[in-house]
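Values in this text are rule-based calculations from the coordinates and carry no lab data. As the structure is a computational prediction, the values presented were derived from the model and not from experiment. Backbone-built Cβ (ideal geometry, glycine too); neighbour counts: all protein chains shown.
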Amino acid sequence: MTPQDIIRPENKVYARPALLNENNMHYCPGCSHGVVHKLIAEVLEEMGLADKAIGIAPVGCAVFAYNYVDIDWIEAAHGRAPAVATAVKRLDPTRMVFTYQGDGDLAAIGTCEAIHAANRAENIAIIFINNGIYGMTGGQMAPTTLEGMKTSTTPYGRRVELNGYPLAITNLMTQLDGTCYVTRQAVHTPAAVRKTKAAIRQAFSNSMDGSGTSVVEVVSTCASGWKMTPVQANKWMEENMFAKYPLGDLKNTVQQ
Amino acid sequence: MEEEVRLMKGNEAIAHAAIRYGADGYFGYPITPQSEILETLEAEMPWETTGMVVLQAESEVAAINMVYGGAACGKAVFTSSSSPGISLKQEGISYIAAGELPALIINVMRGGPGLGTIHPSQSDYFQATKGGGHGDYHLIVLAPSTVQEMADFVGLGFDLAFKYRTPAMILADGIVGQMMEKVVLPPARPRRTPEQIAEQCPWAVTGRPATRRPNVITTLELDSAMMEKHNERYQQTYRLIEQNEVRYDEYMTSDAEYLIVAFGSIARICQKSIEDARSRGIKVGLIRPITLWPFPTEAIRQLSRRVKGVMVVELNAGQMIEDVRIAVEGRVPVCHFGRMGGIVPNPQEVLDSFIADFPDSRH
């Protein structure tokens, strides 16, 4: 059997989703963003939502999400994506509206917008990338930075007496009556990727069904910001991030 | 809804005019002296009739970002606030300008700085006309002096915003917002359909049909050469607006030997001062800028060639006077009379100040 015999259309088991374009991603090796972008493209395609989806991009590394997923996008000011999404969805409830936000964007400067959009039960999906650091500005402390974790603004490690506690904002959002689905996932193994994909599908489905606000946190790696190799970063995330941010569904009020 | 004559506050007139214009959405946050806009919209429940969205946001910051989102979708959306709240909105306004999005922002000014007072002022002239937020941009700024103009400028502001794809501001003061006058409300027209929006705003974020490339509204450009090109495009739009959209009113200027320049509610007080002056043989006329940006520079320049002096009257420490001085180019003396902190002068105070500054005006 030659390679030509194997590379035939009927043997194809996997393909790049058509919505994920050919642009070279600017993300670092080992970064979780690329995987989550691909999952969003796959889910939109499989659900037939490409013409209904409107994404709200954040400030941070994923500010350029619109360069990779070929749907309509609005790039929001830092932290304001849930407010932008609120208006987009209310002005046309037939659209599937989601925000894509990092931990600095959602859990620091945008806490107010995130909490209030969720409390109003806006029918939006929030994809929340938590890698415990500000990636784009060069590795500063985030609200989700772990105790003792070194960043460029906590060079001797995060100290609670100086910087407060790591903020598990997703847990906070389960307390709001407006959230229908809150889950915490990761994309460090094939099995985890499949679970995250199912979570994104559920969140997008909730947006279309008008069930309320869905939050999909993806505990992620930032190999460059953490100053590790991609393999080290995955291992460090499993050993440290998952202890503070354990994976699994935190809330689901929607009948499957 | 047919044309209708009503007695109402300026703030209420804005709410009614927006519904009748076919606005798609309003996003606001309470602050005195403009809360009647949000209250009136909530009481009218336009979502039951025209389908207009009305939402009380969690902050001025959220409200302006809702406007940014709605505008990106090609919808006719607006927000309103008063001075401290407008300061909070400046980041979002800068994004709307950079995104080349149409939107209407209403500032019913109160006295500042800081939390200031709830009483009328015009102390946000600099902020409104020189940019306000970060970056090189302008707003189209309309200054109403009557309740009728509060209503009329809603439609005008939206039309100009969509024509030039740039945010417009109604810069009112607490007097125009709070006083009641007769107002003729225009007949209602329907909101635009999704098809009309797709046709009129091909850039709008609507969900991407298979027939076109993705529409992306972003204000980020890391390539400086590209960012300069964007800036050049913004500036071309501003030059076009300056050519086409200058608006002002003249009152008794044909034989005037002196000129008063004033905008908004204080311009009406100045009309009374001018009538009193003329009864004493002092020939004064008034220019009332209606667009504060673009400013009626040329009209003031022409008049400055045949008057002996100019007085600028404002409810602030002297802001518009800088633009008047640029127009007058030092030909004749330009003086200022202003009250601050929410104090509104009466016609006699204005006239006394005028005579003190121009004692030779009494022949």
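The ellipsoid equivalent to the alpha-carbon distribution of chain B has semi-axes of 37, 23, 18 angstrom, derived from the gyration tensor eigenvalues as √(5λ) and listed largest first. The dipole here belongs to chain B: it is taken about the Cα centre, uses +1 on the Cβ of Lys and Arg and -1 on the Cβ of Asp and Glu, and is about 580 debye.
Can you show me the helix-derived [θ] at 222 nm for chain B, built from DSSP H runs with n ≥ 4 at -39,500 (n - 2.57) apiece and divided by the number of residues, rounded to the nearest 500. Kindly include the intermediate steps, with their values, before the conclusion.
Working: 13 runs with 150 residues, N = 363.
One gets -12500 deg cm²/dmol as the mean residue ellipticity at 222 nm.
Anything over 21 Å Cα to Cα? Flag those among B:Lys75/B:Lys182; A:Lys195/A:Lys251; B:Lys130/B:Lys308, in the order listed. Pairs exceeding the cut-off: B:Lys75/B:Lys182; B:Lys130/B:Lys308. Could you work out the percent of alpha carbon pairs in the stretch B:261-349 separated by over 22 Å, rounded to a whole number? Everything past 22 Å amounts to 22 percent.
Amide H to amide H, with H built 1.01 Å from N, B:Cys335 comes under 5 Å of B:Val310, B:Met311, B:Val312, counting only residues 5 or more places away or on other chains. Using θ = phi - 60° in the Karplus curve 6.51 cos²θ - 1.76 cosθ + 1.60, the 3J(HN,Hα) couplings for the stretch B:78-89 round to 8, 9, 9, 6, 10, 2, x, x, 5, 4, 5, 7 Hz; x is entered for Gly and Pro. Rounded, prolate or oblate: which fits the stretch A:26-252, taking a ≥ b ≥ c as square roots of the Cα gyration tensor eigenvalues, rounded meaning a/c under 1.5, else prolate when a/b beats b/c? Here the stretch A:26-252 falls in the prolate category.
For the stretch A:1-71, applying the loop criterion from DSSP together with a ceiling of 12 other beta carbons within 10 Å to the GluC sites (Glu not before Pro) yields A:Glu22. Looking at the stretch A:52-126, which chymotrypsin sites (Phe, Trp or Tyr not before Pro) are in a loop (DSSP not H, G, I, E or B) and have at most 13 other Cβ atoms within 10 Å? Sites meeting the loop and neighbour criteria: none at all.
Of all DSSP-defined beta bridges confined to the protein assembly as shown, some 25% are antiparallel rather than parallel. For the stretch B:1-57, what does the alpha-carbon gyration tensor say about shape, rounded, prolate or oblate, given a ≥ b ≥ c as the root eigenvalues, a/c under 1.5 as rounded, and a/b over b/c as prolate? Since a/c reaches 1.5 but b/c is at least a/b, the shape of the stretch B:1-57 is classed as oblate. Taking the three principal axes of the alpha carbon atoms in the protein assembly as shown, the coordinate ranges are 108, 58, 47 Å, sorted in descending order. Size descriptors for the stretch B:4-196, from the alpha-carbon set: Rg then Dmax equal 14.9, 46 Å. Phi angles of the stretch A:146-151 translate, via the Karplus equation with coefficients 6.51, -1.76, 1.60 and θ = phi - 60°, into HN-Hα couplings of 6, 4, x, 6, 8, 9 Hz per residue; Gly and Pro are given as x. What net charge is computed for the residues neighbouring B:Thr79, neighbours being all others with C-beta under 9 Å from the C-beta of B:Thr79, Lys and Arg scored +1, Asp and Glu -1? Counting the neighbours of B:Thr79, the net charge comes to 0. The HN-Hα couplings worked out from phi for the stretch A:70-75 by the Karplus form 6.51 cos²θ - 1.76 cosθ + 1.60 (θ = phi - 60°) are 7, 10, 6, 9, 10, 8 Hz, whole numbers, x standing for Gly and Pro. Taking amide H atoms as placed 1.01 Å from N in the peptide plane, the amide H of A:Ile126 lies under 5 Å from those of A:Thr99, A:Ser214, A:Val215, A:Val216, each 5 or more residues away in sequence or on another chain.
How charged is the neighbourhood of B:Arg6? Take every other residue with its Cβ under 13 Å from the Cβ of B:Arg6, and add Lys/Arg as +1 and Asp/Glu as -1. Spell out each step's value before the answer.
On the way: positive: B:Lys9, B:Arg20, B:Lys182; negative: B:Glu2, B:Glu3, B:Glu4, B:Glu12, B:Glu44, B:Glu181.
Net of charged neighbours comes to -3.
For the stretch B:140-224, applying the loop criterion from DSSP together with a ceiling of 16 other beta carbons within 10 Å to the GluC sites (Glu not before Pro) yields B:Glu221.
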